[in-house]
Amino acid sequence: MVKCEIVYSQTYLRMFESRPELIQIFGAFDGQELPLLQHSGLLHDHASRVMATVDAVVTQLEDRHTLAVTLRDVGHIHRKYNVPNDLIPTILPHFLVAIKPQIDATWSDEVSESWTALFDILIYYMTEGELTQRAPKNSGHSVCQNADKHEHNGNGSRHKS
């Protein structure tokens, strides 16, 4: 079984290495060195929430309306915390690099294309959510129940973890 939080923690570390300016978006991570962040419970907690979103998307693939509502809500939350709308597409290549060793025996071009298609869905609906003005309605899914785990700083909103 793939350790999802480990994969996503590695994804974020790779992303922060390639685009260090993005670490500032995560208020709780800002100012921390990457080696220390790797062992941080904050990174693990955020990775768990992200994987809960991925799990919700996978389980909702047959219910496009619920999937769209869930991801628009997540997108709106990211907008509220000034997460740049180009962040989600930035994550995909790092995610693929991190997950491949975990499932190397079953890795194929088709598996890579499936993950890319899943991220395309995430990107599409989250971007819609980021661009809308409406307040998110809690869809009842765990991904939306963690919105209070973000922090706000005086210079603008920031994603906590």
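Throughout, read-outs are computed from the coordinates displayed, never taken from laboratory work. These figures come from a predicted structure and were not determined experimentally. Neighbour counts are summed over all protein chains in view; Cβ atoms, including those assigned to glycine, are modelled from backbone coordinates with ideal geometry.
If you take all other residues with their beta carbon under 12 Å from the beta carbon of N85, and give Lys and Arg +1 and Asp and Glu -1, the sum is -2. Remark: segment 52-129 carries a charge dipole of roughly 380 debye about the Cα centre, counting +1 on each Lys and Arg Cβ and -1 on each Asp and Glu Cβ.
Using the Cβ-Cβ distance between L42 and T132 with R0 = 35 Å, the FRET efficiency computed as 1/(1 + (r/R0)^6) comes to roughly 0.75.
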